[in-house]
Amino acid sequence: MMAGPAGGHADRDADTASAAVFDFHEAAELEAVDLDAVELAATGLEPAEPGPAGPEVPRQQAPAPAKAHAVRDRGYARNLFEQLAVLPEGDPERLRIRGELVEIHLPLVEYLARRFRNRGEWLDDLTQVATIGLIKSIDRFDLARGVEFSTYATPTIVGEIKRHFRDKGWAVRVPRRLQELKLALTKAIGELAQKEGRAPTIAELAAHLQMTEEEVLEGLESANAYSTVSLDAPDSGDDDAPAVAESLGMLDDALEGVEYRESLKPLLERLQPREKRILLLRFFGNMTQSQIATELGISQMHVSRLLARTLAQLREGLTTED
């Protein structure tokens, strides 16, 4: 799979990197948070979303009284933050105000959580994670910074959601080093694809990130652990196609003989040295009875009787239950 002059290797490298370009675009979409709509979301008003025909159509037109109410809510939230700043830790009133601030800004949490839906995680789980980010933002917010709380809280909430995807979104747990390597590769693939107008090769990725081609391949392969496919899913896009499980593995014809071999071991250990040697020469040395007789200095008839008696003894030992 190494990049090189061979056409087949280069094609495989290009295919691998090309597939990862889709991952880059997905990550870029996760990064895109409409900060202009955050202020509306923080006040409980639904921001505009693209309609079916393309132009933006508001889901809910906010009338003038609602906008005025939103302004009053921001002023009320600021007053709560002023009270929160002077109350000591553990004060019951501080906990009450903190809880009220959480309730006021839940629309912002729901808006940001919806931005990351349909990514393999339940929206309810994302909302809970985003709420944790909101609580952290409330505890750390400082009015002296002179910024709106929604502007301050958005990066923290989005960061908490991204951290959830990084730590919990992987179907198979991989080391943090490989997770970070995947993110670096995703970014590099997007940059090189935009610059070159094609999917980058493994060698180009390695040069861009100043690492070996083996490390690049390890990162691309680890990305396969992010999501999994059910063994009962169709092997292709056709619903009538056989399941993935049907194309995995094969029947081992030698598996049936494992039990017999393991059962024979103690029986062979109890044989006399001469009988054991006759078996080895006959079945492992592929020697005839005449050759064995010459090797041991006995008659062929004697070899035949000893071999028949030994085989009968082993057969009886296998069929007799302990």
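Can you pull out every residue in the range 84-97 that is open to solvent by 80 Å² or more (accessible area, probe 1.4 Å), without any contact (Cβ under 8 Å) to a residue 24 or more places away in the chain and either on the phi > 0 side of the Ramachandran plot or not acidic (Asp, Glu) (or both)? Passing the criteria: Val86, Pro92, Leu95, Arg96. Among the residues that make up the range 288-300, is at least one of them among the hydroxyl-bearing types (Ser, Thr, Tyr) and either touching a Leu at 6+ places or on another chain (Cβ under 9 Å) or open to solvent by less than 40 Å² (accessible area, probe 1.4 Å) (or both)? No, every residue in the range 288-300 fails to be among the hydroxyl-bearing types (Ser, Thr, Tyr) and either touching a Leu at 6+ places or on another chain (Cβ under 9 Å) or open to solvent by less than 40 Å² (accessible area, probe 1.4 Å) (or both).
Does any residue in the range 183-201 that is open to solvent by 20 Å² or more (accessible area, probe 1.4 Å) come within less than 6 Å, Cβ to Cβ, of a residue that is part of a helix (DSSP H, G or I) and among the polar types (S, T, N, Q) six or more places away or on a different chain, and which pairs are these? Pairs that qualify, where the first residue is open to solvent by 20 Å² or more (accessible area, probe 1.4 Å) and the partner is part of a helix (DSSP H, G or I) and among the polar types (S, T, N, Q), are Ala199/Ser18. Please determine, by comparing only the residues of the range 102-118 that are under 25 Å from Val86 (Cβ atoms) and assigned to a helix (DSSP H, G or I), which one is most open to solvent (accessible area, probe 1.4 Å). Filtering the range 102-118 for residues that are under 25 Å from Val86 (Cβ atoms) and assigned to a helix (DSSP H, G or I), the one most open to solvent (accessible area, probe 1.4 Å) comes out as Glu103. Checked against the criterion of being of a type in the set (Asp, Glu) and not in a loop (DSSP other than H, G, I, E, B), the range 183-196 contains one or more residues that satisfy it.
In the set Glu148, Glu121, only one residue is of a type in the set (D, E, K, R) and open to solvent by less than 50 Å² (accessible area, probe 1.4 Å); that residue is Glu121. Residues in the range 141-161 that are more than 18 Å from Phe116 (Cα to Cα), among the aliphatic types (A, V, I, L, M) and not in a loop (DSSP other than H, G, I, E, B): Leu143, Ala144.
The values are calculated or read from the model by the stated rules, or taken from the named source; none is laboratory data. In this text the structure is predicted, and so the values were computed from the model without any measurement. As a convention, Cβ positions derive from the backbone with ideal geometry for all residues, glycine included, and neighbour counts pool all protein chains shown. Side chains are part of the model used for accessible areas, which takes the heavy atoms of the whole protein and leaves out ligands, DNA and RNA. Shrake-Rupley method; radii C 1.70, N 1.55, O 1.52, S 1.80 Å.
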